[in-house]
Structure formats: structure tokens, C-alpha cells
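This report refers to the structure that appears directly beneath it.
The values are calculated or read from the model by the stated rules, or taken from the named source; none is laboratory data. As the structure is a computational prediction, the values presented were derived from the model and not from experiment. Glycine gets a Cβ as well: all are built from the backbone with ideal geometry, and neighbour counts include every protein chain shown.
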Amino acid sequence: AASAGPAASRPGPVVVAHRGASGYAPENTLAAADAAAALGAPWVEADVQRTRDGVLVLMHDTTLERTTDAEVRHPDRAPWEVSGFSSAELAGLDAGGWFGERFAGEPVPTLTAFLRRLARHGQRLLLEIKAPERYPGIEAEIVTVLREEGWLTGAALRRGLVVQSFSADSVRTVHELHPGIRTGFLGRPEPAELPVYAAFCDQINPRHTTLTAEYVAAVQALAGPHGSGLEVLTWTVNDAAAAVRAASLGVDGIITDHPDVVRRALTPG
Ligand code: G3P
Ligand code: CA
């Protein structure tokens with residue numbers, strides 16, 4: 001693959017609100033997208049899974065009890081797997097009260113509702129396919145929803161959409177279904193393996209504690225499927241010192257629960 005050019009020519013890292021601005025609002029909800037917008041975060045990360053009746057919804061854990069009141073409402077439904085609940089049942093859950101009283105009644109959003117909220121705010125989306133091995137065929141369903149919601153036009157793709165996963169197979173599937181979509185692999189492949197990923201990934205997105213400047217440079221030296229240099233977005237960076245360190249390593253993006261903290265840390269003066 002061709003060189004992407006010197007790291008010095010890259011702009012500073014973009015700030016990505018992790019599960020929305022999840023330090024300030026319940027993760028993976030419309031309120032978290034709103035909080036990210038209020039803090040000026042240009043990108044929002046979110047996790048997508050599938051209900052029993054095939055509706056795509058946002059949820060990080062593969063079970064519902066940590067971030068909803070499923071355990072209270074459905075005490076006989078342990079272990080409260082997302083895939084075991086219908087969309088109607090999910091619509092009756094409270095995904096906000098656990099985080100704070102003022103968020104009580106916040107719904108589990110469908111992917112469609114979340115896309116509409118981001119579009120209204122002019123925000124970009126880093127969408128993680130969570131646990132895709134549980135949801136055969138979810139990649140095509142995601143592409144369908146993205147298309148229906150107007151996120152796959154040239155302008156929309158340029159504005160900002162990346163689909164990522166810890167599963168390389170899932171990422172490759174998205175790339176093959178719609179090569180125009182930019183993709184990311186969550187993890188830290190060995191440097192020798194990076195050219196394999198560069199065939200179907202535009203980003204390599206490792207945990208921030210695993211990063212070195214040499215690793216970031218090795219990723220960025222490769223060209224991705226769209227010809228531009230591979231990018232590195234790193235997670236989950238929640239304090240100023242870690243943000244400054246990540247930026248000093250040359251990363252292209254910082255994924256954080258606290259976009260205001262990271263932005264302040266990266267602002268000169
Ligand atoms: O976007 C990176 C990050 O979200 C991956 O980890 O567990 O927060 O989904 P997790
Ligand atoms: Ca995630």
C-alpha cells in the first residue's frame with residue numbers, strides 16, 4: 001500500500017463522544033447524543049444490536065439489566081438478553097433512570113431514531129456492531145437502515161460515517177456489502193498483520209493504553225481501501241493527561257465519555 005504522507009501533515013485528533021457524551025447522560029440514548037451536541041462533539045460513537053423481532057437498537061451490553069429497568073419490569077426473564085426481547089418490550093423500558101432521576105423514562109433508541117437525532121444535530125457517527133456473532137446478517141440490516149435514512153449518499157458518506165467492530169469478519173462484511181462505507185477494526189493487530197486489515201479497514205482503533213508513536217505511525221503509513229491513509233482512533237480516553245498523551249502519539253481521533261475534558265486538554269493555551 002502507498003504511503004499516506006507524513007504524520008505532521010495531519011490535522012489534530014477529532015473528538016468522538018463515546019456511547020454519546022456518556023459521562024453526562026445515559027449511554028447509547030438520544031439524551032447522550034443531545035449532550036454530545038451541546039458539548040460540541042462532532043462525532044458520536046454508539047453500539048448497535050438486534051431485538052428478537054429484528055429491530056436494530058442501541059445497547060452496549062448484550063444484556064439489559066445494567067442500563068435499563070428490565071430486571072425490575074421482567075424479573076422472570078433473566079439473563080435479559082437484548083436478543084430475547086421484542087422491540088415493543090424494549091420500548092417499555094427505562095434506559096435513563098439508572099443514570100440519574102432527570103433522565104428517567106429515556107427510551108432505548110432504535111438505530112433509525114438515533115440516526116435522525118444525529119442528522120438533526122449535524123453530527124457524524126462511529127457505529128459499533130456489538131457482538132455480531134450473536135446476530136447473523138446484522139451487517140446487511142445496518143446497511144439497509146443507513147440507506148433508508150439517507151446516510152449512504154456521497155455527501156452523507158463524506159460528512160461522516162464509520163462502521164467499526166471488534167470482529168474483523170463483521171467489518172469485512174460491511175466493506176463488501178457497501179465499499180463506500182468507511183470501516184474500523186477495534187483492536188491492535190500485530191504490525192505485520194496490518195496490511196491484511198488495510199484491504200477492508202480505514203481505521204485501526206486500539207485501546208489507548210496499548211499505543212505507542214511507532215504503532216500509530218505504522219498504521220498511518222498504510223493506505224486503506226479508499227486510498228487515503230489508515231487512521232487511528234483510540235479509546236476510552238477520559239482525562240486530560242491521557243488525551244495529551246494520545247494526541248502526542250499522533251492519533252487521528254480520541255473516543256471519550258467526556259468530550260469537553262478532551263477538547264480543553266487539546267486546546268492550546
Ligand atoms: O469505540 C470504542 C469503544 O466503544 C469500544 O469498547 O466496550 O466501549 O464498546 P466498548
Ligand atoms: Ca462501543
Open item on the list: Can you list residue pairs whose Cβ atoms sit under 7 Å apart, with the first residue in the stretch 230-250 being within 17 Å of His18 (Cα to Cα) and free of Cβ contacts under 8 Å to residues at least 60 places away in the same chain and the second being within 16 Å of ligand 2 (Cβ to nearest atom) and part of a loop (DSSP other than H, G, I, E, B)? Count only pairs 6 or more apart in sequence or on different chains.
Closed with: Thr234/Pro206; Ala243/Val237
- [ ] Scan Val171, Val143, Val108, Val163 and give me the residue that is crowded, with 21+ Cβ neighbours inside 10 Å, over 21 Å from Thr234 (Cβ atoms) and either at pLDDT 95 or above or touching a His at 6+ places or on another chain (Cβ under 7 Å) (or both).
- [x] Val108
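One line per residue, one yes/no per condition, for (1) within 14 Å of ligand 1 (Cβ to nearest atom); (2) in contact with a helix residue (DSSP H, G or I) (Cβ under 6 Å, 6 or more places away or on another chain); (3) under 24 Å from Thr267 (Cβ atoms):
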site: Glu193; (1), (2), (3): no, no, no
site: Ile204; (1), (2), (3): yes, yes, no
site: Arg207; (1), (2), (3): yes, no, no
site: Thr210; (1), (2), (3): yes, no, no
site: Glu214; (1), (2), (3): no, no, no
site: Pro225; (1), (2), (3): no, no, no
site: Ser228; (1), (2), (3): no, no, no
site: Thr234; (1), (2), (3): yes, yes, yes
site: Asp239; (1), (2), (3): no, no, yes
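Each row is one residue, and each column tells you yes or no for (1) modelled with pLDDT of 95 or more; (2) within 16 Å of ligand 2 (Cβ to nearest atom); (3) over 19 Å from Val82 (Cβ atoms); (4) in contact with a His (Cβ under 6 Å, 6 or more places away or on another chain).
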| position | (1), (2), (3), (4) |
| --- | --- |
| Ala21 | yes, yes, yes, no |
| Ala25 | yes, yes, yes, no |
| Ala31 | yes, no, yes, no |
| Ala35 | yes, no, yes, no |
| Val44 | yes, yes, yes, no |
| Val48 | yes, yes, no, no |
| Asp53 | yes, no, no, no |
| His60 | yes, yes, no, no |
| Thr63 | yes, yes, no, no |
TODO: Specify which of the listed residues (Arg263, Arg245) is more than 16 Å from ligand 1 (Cβ to nearest atom) and in contact with a strand residue (DSSP E or B) (Cβ under 6 Å, 6 or more places away or on another chain).
DONE: Arg263
Open item on the list: Being farther than 15 Å from Pro259 by Cβ and buried (at least 24 other Cβ atoms within 10 Å of the Cβ) is the filter here; which residues of the stretch 117-127 pass it?
Closed with: Leu127
Open item on the list: Contact list please: Cβ distance under 6 Å, first residue in the stretch 70-92 and free of Cβ contacts under 8 Å to residues at least 24 places away in the same chain, second residue part of a helix (DSSP H, G or I), pairs at least six apart or on different chains.
Closed with: Trp80/Ala70
